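Inspection log for the structure reproduced underneath, given as structure tokens.
The values are calculated or read from the model by the stated rules, or taken from the named source; none is laboratory data. Note that the structure is a prediction, hence the values are computed from the model and not measured. We place every Cβ from the backbone using ideal geometry, glycine too, and count neighbours over all the protein chains shown. To get the accessible areas, we keep the full protein, side chains included, count just its heavy atoms, and leave off ligands, DNA and RNA. Shrake-Rupley method; radii C 1.70, N 1.55, O 1.52, S 1.80 Å.
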Amino acid sequence: SIEPKQGAYNEWGIEVSIWPAGRTVYVSSAAGDDTRDGLTVNTAKKTIAAGVALLRDGSPDRLLLRMGDTFADGFGGWVKSGLSPEYPMTLGAYGAGAPPLIQSASRPLQIMTGPAVPVKHLRIENIEFRPAAGAGSKFFRVMGTVDDLEIVNCDFTGFETNLSFQAY
């Protein structure tokens, strides 16, 4: 888990906690390569799975998909959380052009948690989701406990059920 750095002082001489910056991971289906580190636009990963593997649970990390790219893999079974409401984990986009498109044959994102280990502080923004040809599956499925989930400027079209939220 990430801990605040101590010993920093504001302009009034009061000690304050400073949270370290989150990691930003870049993914491009067109220009990426999973053998790269994914930590800059020029060293982007190719697959979402390779990018997700670099995210740290309980941190304000960001996974950014390149605008204009289409991804055949989705986020899969999601279990990672952000740090706090002010420092969420973010799944988003970078660059210019159309929003990145996830066109997956399986569920592009599924959160399945137990009450003891909820997913917390997750923000999903500026991504389009479509089923692959003939897939017809549910899109975004949440089963269990989720605290502070924010979905902003995303488009879900063509699924049997675009969003599905269920309690255990």
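How many residues, within region 58-96, are in a loop (DSSP other than H, G, I, E, B) and more than 11 Å from residue 122 (Cα to Cα)?
Counting residues in region 58-96 that are in a loop (DSSP other than H, G, I, E, B) and more than 11 Å from residue 122 (Cα to Cα) gives 9.
Contact map, region 145-168: first residue farther than 21 Å from residue 93 by Cα and among the charged types (D, E, K, R), second residue assigned to a loop (DSSP other than H, G, I, E, B) and open to solvent by 50 Å² or more (accessible area, probe 1.4 Å), Cβ cut-off under 7 Å, separation 6 or more or different chains; pairs are 160/138.
Residues of region 1-40 that are open to solvent by 80 Å² or more (accessible area, probe 1.4 Å), modelled with pLDDT of 95 or more and out of contact with any Ser or Thr (no Cβ under 8 Å at 6 or more places or on another chain): 35 alone.
Report yes if residue 150 is modelled with pLDDT of 80 or more, open to solvent by 60 Å² or more (accessible area, probe 1.4 Å) and assigned to a loop (DSSP other than H, G, I, E, B), otherwise no. Spelling it out, it is not the case that residue 150 is modelled with pLDDT of 80 or more, open to solvent by 60 Å² or more (accessible area, probe 1.4 Å) and assigned to a loop (DSSP other than H, G, I, E, B).
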